[in-house]
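Only one structure is covered here, and it is reproduced in the block below.
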Amino acid sequence: MSATAISPVAAVPTVRRRRVARLHARIGTAGMVAVAFLAVVALAAILAPLIAPNPNAEDLLNITAGPSLGHPLGTDELGRNLLSRLIWGARTSLLGPLIVIGAATGVAVPVAAVAGWRGGAVDLAISRLLDLMFAFPGLLLAILVVALYGTGLVPCSIALAISYMPWIARVARSGIVRERHKPYIAAAEVQGVSGFAICVRHLIPNISSIIWSQVTISFGYALVDLAALSFLGLNIQPPTSDWGVMVNNENALLDGHPVEVLYPCLLIVLCVTAVTYVGNRLASEEERRAR
């Protein structure tokens, strides 16, 4: 009796397949569709110099033209390719939220670790400080920063990062407090492991899924906030391609060409919906596991 040869690849799932299967189990099929959509948008933004022509190139012979082979989504009032502007606009529209959430998380997690690990007066002081930060609107802070340092992506991103930090810190602190009193932490302390090492090696990695769920949801909110600031003329400035800048095109509406505004609005809504759905599914899964 001859044994059937089994390919190692078929017999043992790859690490990537395991991760995809684990993610699919947590967020479901709709969540995977949302992730795929976000991946396509992000890939298009990264490859914009290769797949999209100059977004500011004007074709004066095809002003406010409809879809065609050369302009798949048509052109705006200056003859600029709308599809190209949408692809290039994805770069700033996605980069801004990444800066906001990256900076906020980089500060929030260490602050939460100190509060959750030390407890007592330290935890109380940090919690009261976070409560004060909750009371200050992020968009108002961004407007104040722009008034002091001028318009641009960096000032707006830093201001929003400050306003988003307490939200991430609160979620991370609650997870750390819950993990702080588990037996494996006590065992590590008995062995003489320092508090810093325990936080870095055990506490923070074990609550990373909770942090990721909050970060994912916050990313969608940051995208909307930055688009709103661009719409108000405080963030990205024309003629740079940005979804918020494209939405602020009253000439298109007055001239009877609403599609120029509809496309970026649709992309913002779809991206925020996809990110928020994935974040909510991750949060729901964490709540189910915690019970």
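A short reminder: the numbers here are calculations on the coordinates, not readings from a lab. All values derive from a computational prediction rather than experimental measurement. All Cβ positions, glycine included, derive from the backbone under ideal geometry; neighbour counts span all protein chains shown.
The length gained on full extension between residue 33 and residue 273, counted as 0.36 nm times the residue separation minus their Cα-Cα distance, comes to 85.2 nm. Each residue of segment 73-82 was assigned a 3J(HN,Hα) from its phi angle through the Karplus expression (A = 6.51, B = -1.76, C = 1.60, θ = phi - 60°), giving 10, x, 10, 9, 5, 9, x, 8, 5, 5 Hz with x at Gly and Pro. Only one item in (i) 149; (ii) 204; (iii) 182 matches volume of the Cα convex hull per residue in Å³ derived from the coordinates shown, and that item is (ii).
Residues 285, 260, 189, ranked from the fewest to the most other C-beta atoms within 10 Å, line up as 189, 285, 260.
Full extension of the chain between residue 174 and residue 132 gives 13.3 nm of extra length, using 0.36 nm per residue less the Cα-Cα distance. With both labels modelled 7 Å from their Cα along Cα-to-Cβ, the residue 280 to residue 61 distance reads 4.9 nm. Summarising the label geometry, the points placed 7 Å from Cα in the beta-carbon direction at residue 51 and residue 77 lie 3.0 nm from one another. When 123, 131, 242, 225 are sorted by how many other C-beta atoms sit within 10 angstrom of their C-beta, beginning with the fewest, the order is 131, 123, 225, 242. For segment 141-291, the average shadow cast by the Cα convex hull is 11.5 nm², which is a quarter of the hull's surface.
The charge dipole of segment 89-290, taken about its Cα centre with unit charges on the Cβ of Lys, Arg, Asp and Glu (plus for the first two, minus for the last two), comes to roughly 860 debye.
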